[in-house]
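To start, the structure under review is shown below, and the notes come after it.
The values are calculated or read from the model by the stated rules, or taken from the named source; none is laboratory data. What you are looking at is a predicted structure, and each value in this text was computed from that prediction instead of being measured. Cβ placement follows ideal geometry from the backbone for every residue including glycine, while neighbour counts extend to all protein chains displayed. What goes into the accessible areas is simple: the full protein's heavy atoms, side chains included, and nothing from ligands, DNA or RNA. Shrake-Rupley method; radii C 1.70, N 1.55, O 1.52, S 1.80 Å.
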Amino acid sequence: MDLRGHTPMMQQYLRIKADHPQALLFYRMGDFYELFFEDAERAARLLGITLTQRGQSAGQPVTMAGVPVASAQTYLAKLLKAGETVAICEQIGDPATSKGPVERKVVRVTTPGTLSEEGLVPEKAQAWLACLHLAHAGQATLSWLDVSTGALFHTALSSSQHGQALTPALVLDEVSKIAPAELLISEDQVDGPIGQSIQESLPGLCLRALPSWHFDAKHGSQLLQDRLGVSHLAAFELTDQPSLLANLAALLGYAETSLGQSLHHLQGPKAVVSSQSVQLDHVARRTLELVAPLYADPSGATAAAQTLLSSIDGCACAAGSRRLRQWLLNPLRTNAPLLLRQQAINDLLESQSVEPVYQALRPMFDLGRLAGRIALLQAKPRDLISVANSLSALGPLLGSLDAPSNALIDQIRQTLADPSLQRTEQTIRQIIAEEPANQIRDGGVIREGFDAELDDLRAIQTQGSDQLLQLEQQERQATGIANLRVGFNAVHGYFIEVTAGQLDKVPDRYQRRQTLKNAERFITPELKAFEDKALSAQDRALAREKLLFDQLLLDLAPAVASLQTAAEALADLDALNSLARLALDHHWVLPSLTETTEIVIEDGRHPVLDLQVTQFTPNDTRLHAGHRLMLITGPNMGGKSTYMRQVALMVILARIGAPLPCRSARIGDIDRIFTRLGAADDLAGGRSTFMVEMTEAALILHTATPRSLVLMDEIGRGTSTVDGLALARAIASHLAQVNQSLCLFATHYFELTDLANSMSGIRNHHVTAVEHGHGIVFLHQLQEGPTSQSFGLQVAQLAGLPKDVIVHAQACQGQPPMPAAPADQLGLFNQASLDPSLQSVIDALRLVKPDELSARAALDLVYQWHHQLQGPSSPDPKTTP
């Protein structure tokens with residue numbers, strides 16, 4: 001890099017920028033962060049700020065743009081949302097003693113996955129930093145970290161068949177379930193099949209390629225031991241997992257480099273075992289609208305209750321909402337922890353503690369993230385007061401938990417009663433003022449009486465105020481200027497202000513300091529001496545406060561672990577109490593959880609719609625070993641899709657320990673939920689609606705087990721009626737006989753209803769509707785048996801089709817059916833499956849050389865082929881009399 005010709009400051013800038021070529025560099029200059037050259041142009045475009053040119057460097061104009069330090073977070077949030085990385089370069093030298101440019105260095109690299117600052121990290125969701133490491137063709141590890149709380153998770157990914165390559169679909173499902181803000185991957189894997197699949201399927205994800213040497217298992221082991229303060233990793237079952245340790249080395253190393261400091265608040269790694277959870281692929285999570293709406297509002301606004309999470313989230317704190325989100329995305333197959341949650345919910349209800357617990361939780365701040373900021377030395381004075389206020393609120397909360405008694409509640413109570421939490425609160429209150437300034441640079445943070453030196457410096461400033469009043473009075477008397485005023489300005493310091501009409505009375509000892517429109521400001525030797533003393537005391541007081549505050553953050557570091565543990569307990573309690581409120585306010589009931597594979601629901605209602613509409617028609621569900629497939633027919637808008645989603649959502653709720661909107665329910669072991677719902681194409685991937693439908697169906701048929709729940713809605717509609725009907729019949733038969741999964745199969749092909757007569761485990765059901773006048777009334781009731789008619793024209797009329805089109809369609813209904821396709825027209829399934837005898841004749845014909853055949857030989861061939869096509873039982877035409 002050639003720095004010749006550049007000014008000293010620009011040389012410094014260019015050297016720092018060279019170390020962060022891909023990031024936007026926020027270069028601190030006084031009260032602004034400045035950006036230069038290409039960074040300035042990009043930031044101006046993304047932020048809508050002014051782009052200017054000032055001076056020259058190396059003979060070229062310096063293009064620049066800037067943002068105020070005080071409001072930098074607002075601009076940072078916009079840049080991060082646009083996928084940018086921002087390097088924060090601060091002044092670390094003293095301008096008063098610096099020769100040349102003040103010393104500067106990058107203290108923080110802000111990326112989408114390394115956020116911990118308030119206002120940047122989402123309140124009710126985690127900004128996960130994830131790392132994917134492909135050990136070899138059949139195995140991979142995936143880890144993810146919440147920098148704001150120190151929570152760390154990992155899982156192992158492997159192909160279903162030993163020796164086979166890991167499929168991109170499996171990796172994509174796991175990555176999309178976590179929904180990381182940033183994903184790390186080795187640079188030698190980013191262009192492979194899995195890396196390409198992630199880039200194509202998740203275009204909004206910030207994918208970061210790291211050099212392969214970052215994935216070092218030995219370094220990962222040393223890093224974890226140091227951050228967790230242990231001498232061995234056996235307690236975390238990481239000793240014999242080199243691939244995972246290499247993964248964690250890259251993950252933690254990247255996070256610490258971005259933060260510019262160590263992750264001393266890192267929590268112990270927790271393994272997520274996929275076999276212990278109900279698996280939900282990205283299609284199921286999207287179509288069931290668990291945590292995100294299927295269709296975003298074009299205006300950017302979303303309704304308050306468009307998803308399952310937003311509907312059931314009655315948490316008092318953001319941490320509780322995040323915990324509820326985690327549970328919904330990871331429903332459990334194991335009954336034991338779910339039964340503990342159910343018992344806790346029952347205890348909260350029976351002891352009438354739901355409302356008292358909710359009110360006691362409301363004053364709580366986000367203790368986990370506040371603990372993270374303390375550990376990262378990012379906490380502000382008001383953050384510490386928020387910690388103290390939260391800890392003081394534990395007393396009333398524990399009082400509201402006196403009555404409930406259950407293993408889970410007892411564990412939460414014991415965690416929150418930790419005496420060290422009270423000592424942490426006392427330490428903070430002893431040092432920090434009750435209502436401190438938000439920034440330490442503003443002063444007024446340390447409590448009066450804590451530090452004698454600080455009190456003395458403050459006294460000088462307080463006494464100085466009295467001296468100023470005396471000086472003002474003395475000058476008025478000495479000059480005869482009654483409206484003379486002594487004041488202070490942050491730019492010009494202390495001054496004596498005299499209005500324009502009194503300037504003739506100003507004595508010679510007054511030195512002009514500032515000219516205003518209607519007044520002049522002066523300073524005297526006495527006032528200058530006072531200024532030096534007062535400002536010196538103020539600067540020293542601010543420096544002393546900062547020293548004391550920084551020391552307090554270091555002193556609080558040992559308390560971070562107990563604060564994190566308390567935060568986890570509060571999140572669990574908040575989520576449980578929110579679920580209990582569903583039972584209290586909406587009369588939802590806790591289901592029975594069994595080990596067999598079954599779904600038995602009496603008077604079930606859709607969990608989202610039940611909270612939105614006053615009257616919802618309930619329906620029963622019975623899926624078990626003897627009744628595995630419900631074939632559902634009925635008109636469009638009759639409620640088939642709503643019913644199917646309802647069943648899946650109730651299974652998910654049951655598998656997080658939540659109550660259900662029904663009269664009673666019995667939910668068994670479900671290993672996976674598949675959905676083939678709705679119609680959408682994949683233009684970017686070059687797939688039509690029908691191809692998307694078939695691809696999703698293929699995945700289900702290859703993967704579903706007898707313990708899976710499958711939702712199949714109107715399969716086969718994207719092609720001709722003949723082919724679609726054939727496909728639908730074959731898929732339903734395969735699900736019933738081969739997969740033997742629990743299945744809700746909705747269709748408009750009435751011909752499929754005869755499957756119930758020919759296959760065991762299939763039963764016909766239909767949603768009811770009745771004609772009323774010239775219209776139709778949907779009853780939304782599910783009844784046994786097939787439907788009697790489709791009501792297609794009535795639904796079309798409700799949709800607003802022109803009347804003449806409806807009349808024309810009614811006339812067409814009475815016409816005879818169109819003639820069948822010619823017999824020699826090949827269909828979808830017989831193009832490549834000719835009769836073997838016909839195929840042998842065609843093959844023999846290809847070998848014949850007509851010019852070399854005699855008439856007799858040609859006739860013999862014709863007889864031979866005729867005999868082959870007629871079959872072995874037919875007489876030989878040459879011997880027939």
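Assorted remarks:
- Each label point was placed 7 Å from the Cα along the Cα-to-Cβ direction; for Leu51 and Glu38 their separation is 1.4 nm.
- Only Lys, Arg (+1) and Asp, Glu (-1) charged, at Cβ; region 435-552 dipole about Cα centre in debye: 500 debye
- Structure-derived volume of the Cα convex hull per residue in Å³: which label, when the choices are [x] 190; [y] 210; [z] 307: [z]
- Karplus-derived HN-Hα couplings along region 357-371 (A = 6.51, B = -1.76, C = 1.60, θ = phi - 60°), whole Hz, x at Gly and Pro: 5, 4, 5, 6, 7, 4, x, 5, 9, 7, 4, x, 6, 5, 5
- With respect to the chain, whose longest principal axis is taken over its alpha-carbon atoms, helix 640-654 is tilted by about 60°.
- Amide H partners (placed H, <5 Å) of Ala433, local residues excluded: Ile446, Arg447
- Rounded to the nearest 10 Å², the accessible area of Tyr863 at probe 1.4 Å: 80 Å²
- Å² of accessible area per residue within region 180-325, as computed with a 1.4 Å probe and no ligands counted: 44 Å²
- Beta bridges per DSSP with both ends in region 607-751, % antiparallel, nearest 5: 10 percent
- Using a probe radius of 1.4 angstrom, the carbon and sulfur fraction of the accessible surface of the chain is 52%.
- Sorting 542-555, 308-321, 516-529 by average packing, meaning the other beta carbons within 10 Å per residue, from highest down gives 308-321, 542-555, 516-529.
- Packing rank of 396-409, 353-366, where each peptide gets the mean count of other beta carbons within 10 Å, highest leading: 353-366, 396-409
- Pairs from the list Lys17/Lys81; Lys105/Lys177; Lys81/Lys105; Lys105/Lys270; Lys78/Lys270; Lys99/Lys517 with a Cα-Cα gap above 28 Å: Lys105/Lys177; Lys105/Lys270; Lys78/Lys270; Lys99/Lys517.
- Degrees between helix 318-329 axis and first principal axis of the chain (Cα, 0 to 90, nearest 10): 20 degrees
- Once all protein chains are placed together, Glu595 keeps about 130 Å² accessible to a 1.4 angstrom probe.
- For region 532-688, accessible area per residue (1.4 Å probe, heavy atoms of protein chains only), Å²: 37 Å²
- Lys218 contributes an accessible area of around 150 Å² to the protein surface, as traced by a 1.4 Å probe with all chains present.
- Residues in region 90-100 carry Karplus couplings, in order, of 9, 7, 10, x, 9, x, 6, 10, 6, 9, x Hz; the curve used is 6.51 cos²θ - 1.76 cosθ + 1.60 with θ = phi - 60°, and Gly or Pro positions show x.
- Solvent-accessible surface ranking, highest first, for His265, His219, His766 at 1.4 angstrom: His219, His766, His265
- The H on the amide N of Asp281, modeled in the peptide plane, is under 5 Å from the matching H of Ile673, each at least 5 residues off or on a different chain.
- From the alpha carbon centroid of region 435-477 to that of region 7-24 is 41 Å.
- Here the contact order of the chain, divided by its residue count and restricted to Cα pairs under 8 Å and six or more residues apart, works out to 8 percent.
- Residues Asp188, Asp669 ordered from highest to lowest accessible area at a 1.4 Å probe: Asp188, Asp669.
- Other-chain or far-sequence residues with amide H under 5 Å of Phe365's (modelled H): Ser390
- CD proxy at 222 nm, helix term only [per DSSP H run n ≥ 4: -39500 (n - 2.57); per residue of the chain; nearest 500]: -13000 deg cm²/dmol
- Applied to region 225-231, the Karplus parametrisation 6.51 cos²θ - 1.76 cosθ + 1.60 on θ = phi - 60° returns per-residue 3J(HN,Hα) values of 4, 5, 6, 8, x, 10, 9 Hz, with x for Gly and Pro.
- Taking the DSSP bridge list for the chain and keeping only pairs wholly inside it, about 65 percent are antiparallel.
- Protein-only accessible surface at a 1.4 angstrom probe places the residues Ser392, Ser760 in the order Ser760, Ser392, largest first.
- Per residue, region 51-150 exposes 43 Å² of accessible surface when a 1.4 Å probe is rolled over the protein heavy atoms with every protein chain present.
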